[in-house]
Amino acid sequence: MLTDRRQLLTQAAALAGVALTPAAWTSAAAQTRMADDPFQLGVASGEPTPDGVVLWTRLAPKPQEIGAGMTAAPVAVRWEIAEDAGLKHTVAKGQTLAVAEAGHSVHIETQGLKPGRDYWYRFTAAGHSSPVGRTRTAPAVGARVDRLKLAYSSCQKYSAGHYTAHAAIAAEHPDLMLFLGDYIYEEPNTGKGPRLHPVEEPTDLATYRHRYAWYKADRNLQAAHAAAPWMVIWDDHEVANDYGGDQDRTNPDPATFLKRRAAAYQAFYENMPLRRAQVPVGPDMLLYRSLAWGSLAEFQFLDTRQTRNRRTCDAVSDGKRIPADCPERFDAARSLLGMPQEAWLQDRFRKTRGHWNLLSQQYLMEAFTTRLGTVGNDGWDGYAASRQRVMQGWRDARVSNPLVLGGDIHCFFAGEMALEPGGKPIASEFVGGSISSLGIAKPSDMELLLAVNRGLKFGEGQHRGYGRVELTDKEATVTFRAVADALVPDSPVTDLARFVVEAGDPGLKRA
Ligand SMILES: [Fe+2]
C-alpha cells in the first residue's frame, strides 16, 4: 500500500528533526534526473522482526566529496519490497523524503511482512534505481526453527586492507549478519596500507558523513549489506580511539568531546539500517537491544562505550598513558555498561525464551593478560565486577546455553569463560577476527598469549576474516573463515578452524 502523504511528511520530519512543508514535498517530487547515480552507497536492511525489517539507503552521487554531491533540497525516494528477486510480487511500497538534515539517508520500517522468509527490495529516486537487496524477517515469536546461519565480524579499517571477507559473507547468504564495532576508523590517513581514505580526522557531522560515504562506496561491503539483514553495534573508532562516556584520550574537556560524540552518533545512525528508537538525541543514542529468532535464539546486543564509568588504572610511561593494574578495576560500583543497561541485561536473562543466548558485544570478554604481563583497562578487565555480574546472571537466571560473540582485538579467539579462574566453563566465547584491521601477526606472540591465558583454546592473528555460526537444537557450530591475504583484492577465503558447543555443555570442542 502507498503510504499516506501526510504521514510521510510527519515521518521524514520526525527523523530529520525539522518541519517539512508541503512545498518542500512538491519541490522534491519535481526533482529531475541526477547526472550521477545517487545510489553509489548501495542498500541495506536490518533489525528484523517477525513482521518487518528496516530498509536503508543514503543518496550520494559523489561519495568521495564532502557533502556527497547533494544540495540542501529534499529528494523524493520511492521504495518497494517483494516476495521474489525479480520484484514481480510486491507486498509493500511507498515514498519518503531524503532530507539534508539526515544526510539524505532513508530508513523505512516495513510492516505486515510474513515471518521467517526472504524478501527483496529496491529504491528509486531522481531517475535512478538502486541495486536490489535481499533480506529476511525473523521467525514468528516462539516458533520452532530448525537452523539459523549467521555471520559476524568487526573492525574494518579501510586503509589496512580489502573487504574480501565481506564478499565471502555475501556469497554465504546468511540469515543474519552481526557487525560488532569499528565500522569506520576516525584516524587520519597515514598513507600506509593498500588503500587511501580522506586525510583529515573527522570531528564534525560533515566529516563523519564523508568518512562513512568513503567506506560505504566499497563494492564488497555493499554486497554484504545487500545479502542479509544486519544488526550493528559500535566500538570506539566510530567516534574516537578508546573513548568512554564523556572521556576521551586526546580531548580533556568533556563538553567539547560530547559535541563530537553527538556528530559521530548522528552519522552512525544515518549510515546504518536502524529503527526510529535509535535516532540520537544530542550526544545520546539507545543502542543496546535484543533480537529473538523464534525459540531457537535470543541475541542481547551491548553498548560498552556510551554509559560506562570512567576508565581507571592508567599509568604514565615515557610520556604515554598505558594501562596498569590497580584495585579500582575490581570496584563493584564500576560498570562497563552502566547500571541501567546492566539491569536491562539481567531482565533479559530472566525473560529470554531462546534456546541459545548470544551475548553480542565488542570485546574479547574473558580475563586477558597481554604478552607484556599487563591487563587492559579499556574493556571488561578494567570493569571486572561488571563482567562477574553478567556471568552470575547467567547462572542465577539459569540462562539456556549462553554464548559470547566479540570483536575489537583483530584476531580469532575461541575460549571458555568461568565464574572462578580455572573453574568449570559457564559459556564459550568466539571472537570472529577482523575484516581488515591488523592484529597480532607473529605466531610466537600468539603462542605466548595462549600460554598465559588458559581460558583461550585457540588464537590466530595473522589472517583477516569473519565467523560463521550455525545453530540447531543440538549444537552451535562456529567456523572461523580466513582471507588468505587482505592486502590484495579478491584473495581466496578458506576455513581456518571449526568448533562445536553442544547444547547443555558450555565448553567448546574443536571439530
Ligand atoms: Fe578495531
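The values are calculated or read from the model by the stated rules, or taken from the named source; none is laboratory data. Note that the structure is predicted; figures quoted are calculated from it, not measured. Every residue, glycine as well, gets a Cβ built from its backbone with ideal geometry; the counts of neighbours run over all protein chains shown.
Restricting to strands (runs of 3 or more DSSP E) lying wholly in segment 72-174: which have 2 or more residues that are within 16 Å of the ligand (Cβ to nearest atom) and of a type in the set (D, E, K, R)?
Because the criterion is at least 2 residues that are within 16 Å of the ligand (Cβ to nearest atom) and of a type in the set (D, E, K, R), no strands (runs of 3 or more DSSP E) in segment 72-174 meet it.
Could you check segment 175-226 and list, in sequence order, the residues that are part of a loop (DSSP other than H, G, I, E, B) and among the aliphatic types (A, V, I, L, M)?
180, 184, 196, 199, 217
From the list 337, 359, 345, pick out the single residue that is out of contact with any Cys (no Cβ under 9 Å at 6 or more places or on another chain), assigned to a strand (DSSP E or B) and of a type outside the set (S, T, N, Q).
Result: 359 is the single residue among 337, 359, 345 that is out of contact with any Cys (no Cβ under 9 Å at 6 or more places or on another chain), assigned to a strand (DSSP E or B) and of a type outside the set (S, T, N, Q).
Pick out the one residue from 446, 391 that is more than 24 Å from residue 302 (Cα to Cα) and touching a strand residue (DSSP E or B) at 6+ places or on another chain (Cβ under 9 Å).
The unique qualifying residue is 446.
Assuming residue 489 fulfils every condition listed in (1) crowded, with 18+ Cβ neighbours inside 10 Å; (2) farther than 28 Å from residue 376 by Cα; (3) not basic (Lys, Arg) apart from one, which condition is it?
Result: residue 489 passes all but (1).
If you go through segment 248-285, how many residues are polar (S, T, N, Q), closer than 26 Å to residue 313 by Cβ and at pLDDT 95 or above?
1
I'm trying to understand the selection: among the residues of segment 227-264, which are in a helix (DSSP H, G or I) and among the charged types (D, E, K, R)?
Scanning segment 227-264 gives 259, 260, 261.
Please specify each residue of segment 363-379 satisfying the condition of being among the aliphatic types (A, V, I, L, M) and surrounded by fewer than 24 Cβ atoms within 10 Å (Cβ to Cβ).
367, 372, 375, listed by residue number.
What's the number of the only condition in (1) surrounded by 19 or more Cβ atoms within 10 Å (Cβ to Cβ); (2) of a type in the set (Gly, Ala, Ser); (3) in contact with a Lys or Arg (Cβ under 8 Å, 6 or more places away or on another chain) that residue 245 fails to meet?
The failed condition is (1).
What are the residues in segment 240-264 that are under 14 Å from residue 282 (Cβ atoms) and within 16 Å of the ligand (Cβ to nearest atom), if any?
Correct list: 264 only.
Results for (1) among the small types (Gly, Ala, Ser); (2) over 20 Å from residue 156 (Cβ atoms), shown as yes or no for each residue.
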position	(1), (2)
230	no, no
235	no, no
241	no, no
249	no, yes
252	no, yes
255	yes, yes
273	no, no
280	no, yes
299	no, yes
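Filtering segment 399-454 down to residues that are at positive phi and of a type in the set (Gly, Ala, Ser), which residue is farthest from the ligand (Cβ to nearest atom)?
Taking the candidates together, the pick is 422.
Tell me which of these residue 439 doesn't satisfy, since it passes every other one: (1) within 27 Å of residue 232 (Cα to Cα); (2) at pLDDT 95 or above.
Of (1) within 27 Å of residue 232 (Cα to Cα); (2) at pLDDT 95 or above, only one is false for residue 439: (2).
Can you name every residue in segment 461-478 that is assigned to a strand (DSSP E or B) and either in contact (Cβ under 8 Å) with a residue 60 or more places away in the chain or surrounded by 20 or more Cβ atoms within 10 Å (Cβ to Cβ) (or both)?
Correct list: 464, 465, 466, 467, 468, 469, 470, 471, 476, 478.
Starting from segment 296-312, take each residue that is in the same structural domain as residue 403 (by TED's automatic domain parsing) and list its partners that are modelled with pLDDT under 95 and in a loop (DSSP other than H, G, I, E, B), counting only C-beta distances under 7 angstrom and pairs at least six apart or across chains.
Close Cβ pairs satisfying both conditions: 311/377; 311/378; 312/326; 312/377.
For residue 347, indicate whether it is among the acidic types (Asp, Glu), in contact (Cβ under 8 Å) with a residue 40 or more places away in the chain and more than 16 Å from the ligand (Cβ to nearest atom).
no
Per-residue answers, yes or no, for (1) farther than 21 Å from residue 365 by Cβ; (2) under 25 Å from the mean Cα position of the chain (by Cα); (3) of a type in the set (Lys, Arg):
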| position | (1), (2), (3) |
| --- | --- |
| 437 | no, yes, no |
| 440 | no, yes, no |
| 443 | yes, no, no |
| 451 | no, no, no |
| 470 | yes, yes, no |
| 496 | no, yes, no |
| 507 | no, no, no |
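What number of residues within segment 160-202 are surrounded by fewer than 18 Cβ atoms within 10 Å (Cβ to Cβ), touching a Gly at 6+ places or on another chain (Cβ under 9 Å) and within 15 Å of residue 216 (Cα to Cα)?
1
Every residue in segment 290-329 that is within 22 Å of residue 374 (Cβ to Cβ), surrounded by fewer than 21 Cβ atoms within 10 Å (Cβ to Cβ) and either modelled with pLDDT of 95 or more or hydroxyl-bearing (Ser, Thr, Tyr) (or both), please.
309, 312, 317
Could you run through segment 294-322 and say how many residues are assigned to a strand (DSSP E or B) and under 17 Å from the mean Cα position of the chain (by Cα)?
4
Considering only residues of segment 213-239 that are within 26 Å of residue 489 (Cβ to Cβ) and within 16 Å of the ligand (Cβ to nearest atom), which is farthest from the chain's Cα centre (by Cα)?
Across segment 213-239, the extreme among qualifying residues is 215.
For segment 184-193, give me each residue that is in contact with a Leu (Cβ under 9 Å, 6 or more places away or on another chain) and either at positive phi or within 11 Å of the ligand (Cβ to nearest atom) (or both).
Scanning segment 184-193 gives a single hit, 193.
Which residues, counting only those in segment 265-289, are more than 16 Å from the ligand (Cβ to nearest atom), crowded, with 18+ Cβ neighbours inside 10 Å and not in a loop (DSSP other than H, G, I, E, B)?
Residues satisfying the conditions are 265, 266, 267, 269, 270, 271, 278, 289.
Would you check if residue 71 is surrounded by fewer than 23 Cβ atoms within 10 Å (Cβ to Cβ) and either over 22 Å from the mean Cα position of the chain (by Cα) or within 28 Å of residue 264 (Cα to Cα) (or both)?
Spelling it out, residue 71 is indeed surrounded by fewer than 23 Cβ atoms within 10 Å (Cβ to Cβ) and either over 22 Å from the mean Cα position of the chain (by Cα) or within 28 Å of residue 264 (Cα to Cα) (or both).
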